[in-house]
Amino acid sequence: MTEEDIDRAWWKEAVVYQIYPRSFNDTDGDGIGDLPGIVEKVDYLDELGVDVVWLNPVYESPDADNGYDIADYRSIDPQYGDMEVWETLLAELHDRDMRLIMDLVVNHTSDEHEWFLRSREREEPYDDYYYWADGVPPSSGSDAGTGDAAGDPPNNWSSFFEETAWTYDEERGQYYLHLFDRKQPDLNWRNPDVREEVYDMMTWWLEKGIDGFRMDVINLISKTEGLPDGDPDAGMTGDEHFVSGPEFQSYLDEMVDRTVGNYDVMTVGEMVGVDAEEAREYVGESGLSMLIHFEHMGVDTGDGGKWDVTDLDLLELKEVVTDWQEQLADDGWNCLYLSNHDQPRAVSRFGDDGDYRRESAKMLATFLFTLQGTPFVFQGQEIGMTNAAFESPDDIRDVEAANFVDRALDSDEFDSYEEVRPLIESRSRDNARTPMQWTDGENAGFTEGEPWIHVNENRDEVNVDAARADDESVWHYYRELIDRREERDVFVYGDYELLLPDHPDVFAYRRTLEDDALLVACNFSGEEQAVGLPEPAGGVERVIGNYPESGELPGDAVLRPYEARVWGY
Ligand code: NOJ
């Protein structure tokens, strides 16, 4: 890559900050974060130096899945504020040259959305806005149906949150499809009226001046015609019929063409089960800006999926990251993330949230900011927030985790919550959703009321006030990384080349852009690691690192526990 070949875009050079409004900052004392609370913190975001805010859903919702079950796409849920305060937020961000991207959840709605309520009544034109189907005669020994009238579910597909993807609706006398919770019925994208409704709604938001969308599970919108049974031996039954389904590419093209393609916006598609090669079909020239994939989120899980917890396999992480870096090097772009509202805290997961919390949080930040792509920082990551304790099932708020605990306790594998607890504390989405820790005061300064989910007990030590007052904090390190990245194009656009491919504990690579280069080495272990990195003839200079400079050259560097070093030359 040369300076001349660079295909610049504002969203490539940006750093994104993700806000989970429910847990960010509460101003009215109801224990739930709100939009005025975000407005209050706009200066904080500006000082941190981020460029784009991604707001998780704030639309009207019964909150079966914390806003991912939308009852009205064009409204703000009163618990968060109203359209006026949302407009204030947009204006305050724009005034400071920051941008706002909204969550677009159009694979499904809430079962309380007007479309569903009318569809259930078979009212036109809503009759087939969703996937409705009759039950099938119960198979012998089956207990999946809800009685004779219902029959068994129409096919064997499973849901991400429940065993079956079908729920029987007494009123309509049919089953409806939901790939997530039963309160999240899937929209029927085969129906052109549904697509028109979605495009109209997207345009309505774009015209309000937003700067893009993060598109929730967007590659689930197309389902195989006829909804046939799936392979019962597949990881998730039915996924060959709904993950990047037959019409997905054409729906995506149509959506881009009709909506976001006509604006200078950032589009981030969340896509399950997509590898880097397939990603090339959806991002880049005339597609989406980038996509959120899950491949690197599988490097510490076994074949059993999310709850099958294993140690981090760094060699696998290298393989996945390198593949994405290489496949999207010329066309397309990477979304870089280690944390979000669906994942446990990265410092607990890939680092050490005990003795080396600070070092490992900074090491992971270095890793995130020195790959090619746009870094996404999830609220609290910039102060090294950690996973939390969930002492009893009553502390759990997330529908996915709650369903998992129920299933686990029904199975023969677990006898008590104490046995399931380590899995919850290591993987539950609630780990990311405990309130943002602003101060060491009551409820970490998040609310003056009763927080909707408990505050992490380490708030005394881990909080924004303390981090800002301490020059050596994770927070100041993030600020520095953001500055460094702005100063040198090589951070954003430089080519990536993996070094030390077989080192089991150190992730090292080189980034190059014409005659500028960076050498990055990140120690993912709590032990010292000797590395022999190539030494450029003209010598190197230190760019950034999470320990005081050691003076060693790359060739004979010994990395300290969780040390990250970046040299330039
Ligand atoms: C992905 C979202 O990030 C997650 O929070 C949500 O539960 C599912 N999609 C369903 O909308």
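The values are calculated or read from the model by the stated rules, or taken from the named source; none is laboratory data. Just so we're clear, the structure is a prediction, and the values are computed from it rather than from any experiment. So basically every Cβ, Gly included, is an ideal-geometry build from the backbone, and we count neighbours across all protein chains shown. In case anyone asks, the SASA skips ligands and DNA or RNA and just uses the protein heavy atoms, side chains included. Shrake-Rupley method; radii C 1.70, N 1.55, O 1.52, S 1.80 Å.
Structure above, values below:
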{"read-out": "DSSP-assigned coil residues among GluC sites (Glu not before Pro) in the stretch 356-394, each with at most 16 further Cβ atoms within 10 Å", "value": "Glu391"}
{"read-out": "Relative contact order (%) - the chain, alpha-carbon pairs under 8 angstrom, separation at least six", "value": "13 percent"}
{"read-out": "His476-Thr301 pseudo-label distance in nm [points 7 Å out on the Cα-to-Cβ vector]", "value": "3.8 nm"}
{"read-out": "Highest to lowest packing among 414-427, 102-115, scored as the average C-beta count within 10 Å", "value": "102-115, 414-427"}
{"read-out": "Amide H within-cut-off set for Val543, under 5 Å, with H built and near neighbours excluded", "value": "Val566, Trp567, Gly568"}
{"read-out": "Global form of the stretch 1-120, assessed from the alpha-carbon gyration tensor, a/c cut-off 1.5", "value": "oblate"}
{"read-out": "Å³ per residue enclosed by the Cα convex hull of the stretch 413-501", "value": "203 Å³"}
{"read-out": "Computed over the stretch 183-284: relative contact order in percent, which uses C-alpha pairs under 8 Å that are six or more apart", "value": "34 percent"}
{"read-out": "Per residue accessible area in Å² of the chain, where ligands, DNA and RNA are left out and the probe is 1.4 Å", "value": "38 Å²"}
{"read-out": "Carbon/sulfur fraction of accessible area - the stretch 1-155, other protein chains in place, 1.4 Å, %", "value": "41 percent"}
{"read-out": "For Asp186, distant residues with modelled amide H under 5 Å away", "value": "Tyr131, Leu177, His178, Leu179"}
{"read-out": "Residues with amide H under 5 Å from that of Trp54, placed H, sequence gap 5 or more", "value": "Tyr17, Gln18, Ile19, Ile101"}
{"read-out": "Rounded to 10°, Cα long-axis angle of helix 474-487 versus longest principal axis of the chain", "value": "80 degrees"}
{"read-out": "Ranked packing of 504-511, 523-530, most packed first, by mean Cβ within 10 Å", "value": "504-511, 523-530"}
{"read-out": "Percent of C-alpha pairs per 5 Å bin, the stretch 161-311, short to long", "value": "2, 8, 15, 19, 19, 16, 11, 7, 3, 0"}
{"read-out": "Prolate/oblate/rounded label for the stretch 217-266 (Cα gyration tensor, a/c 1.5)", "value": "prolate"}
{"read-out": "Sum of -39500 (n - 2.57) over DSSP H runs of 4+, divided by residues of the chain (222 nm, nearest 500)", "value": "-7500 deg cm²/dmol"}
{"read-out": "Listed peptides 383-389, 121-127 by packing density, highest first (mean Cβ within 10 Å)", "value": "383-389, 121-127"}
{"read-out": "Length gained when the stretch Asp502-Glu326 is fully extended (0.36 nm per residue, less Cα-Cα span)", "value": "61.6 nm"}
{"read-out": "Distance histogram for the stretch 477-516 (every C-alpha pair counted, 5 angstrom bins, percent rounded to whole numbers)", "value": "6, 22, 19, 20, 19, 12, 2"}
{"read-out": "Long-range tail of P(r) for the chain (Cα pairs > 32 Å, %)", "value": "46 percent"}
{"read-out": "Integer Hz, Karplus 6.51/-1.76/1.60 couplings in order for the stretch 88-93, x for Gly and Pro", "value": "4, 4, 4, 5, 5, 5"}
{"read-out": "With eigenvalues of the C-alpha gyration tensor scaled by 5 and rooted, the stretch 318-463, Å", "value": "29, 22, 13"}
{"read-out": "Unit Cα scatterers, Debye sum, the stretch 68-137: log10 I(q)/I(0) for q = 0.13, 0.19, 0.20 Å⁻¹", "value": "-0.55, -0.86, -0.90"}
{"read-out": "Antiparallel content of DSSP bridges confined to the chain, in %, to 5", "value": "60 percent"}
{"read-out": "Inter-site label distance for Asp412 and Leu312 at 7 Å from Cα along Cβ, in nm", "value": "3.7 nm"}
{"read-out": "Cross-link table Lys41/Lys223; Lys41/Lys362; Lys306/Lys362; Lys12/Lys318, entries beyond 30 Å C-alpha to C-alpha", "value": "Lys41/Lys223"}
{"read-out": "Pair Glu207, Asp264: separation of 7 Å Cα→Cβ label points (nm)", "value": "2.1 nm"}
{"read-out": "Net charge over other residues, Cβ less than 12 angstrom from the Cβ of Asp516 (K, R count +1; D, E count -1)", "value": "-4"}
{"read-out": "The stretch 245-385 - Debye-derived log10 I(q)/I(0), Cα point model, q = 0.09, 0.12, 0.16 Å⁻¹", "value": "-0.31, -0.54, -0.91"}
{"read-out": "Dipole in debye (nearest 20) - the stretch 29-130, about Cα centre, beta carbon charges: Lys, Arg +1; Asp, Glu -1", "value": "200 debye"}
{"read-out": "Centre separation in Å (Cα based) which lies between the stretch 279-350 and the stretch 371-408", "value": "17 Å"}
{"read-out": "Förster radius 56 Å - calculated FRET efficiency between Ser392 and Ala9 (Cβ-Cβ, nearest 0.05)", "value": "0.75"}
{"read-out": "Per-residue ³J(HN,Hα) for the stretch 365-378, Karplus 6.51 cos²θ - 1.76 cosθ + 1.60, θ = phi - 60°, Hz, x for Gly and Pro", "value": "5, 4, 4, 4, 8, 10, 8, 7, x, 9, x, 10, 10, 8"}
{"read-out": "Selection from Ser339, Gln184, Leu518, by position along the positive dipole direction of the chain (Cβ)", "value": "Leu518"}
{"read-out": "Estimated dipole of the chain in Debye, rounded to 20 [Cβ of Lys and Arg +1, of Asp and Glu -1, Cα centre]", "value": "820 debye"}
{"read-out": "Paired Rg and Dmax values of the stretch 167-229, which use every Cα atom, in angstrom", "value": "14.6, 43"}
{"read-out": "Cubic angstrom per residue, convex hull over Cα atoms of the stretch 450-569", "value": "155 Å³"}
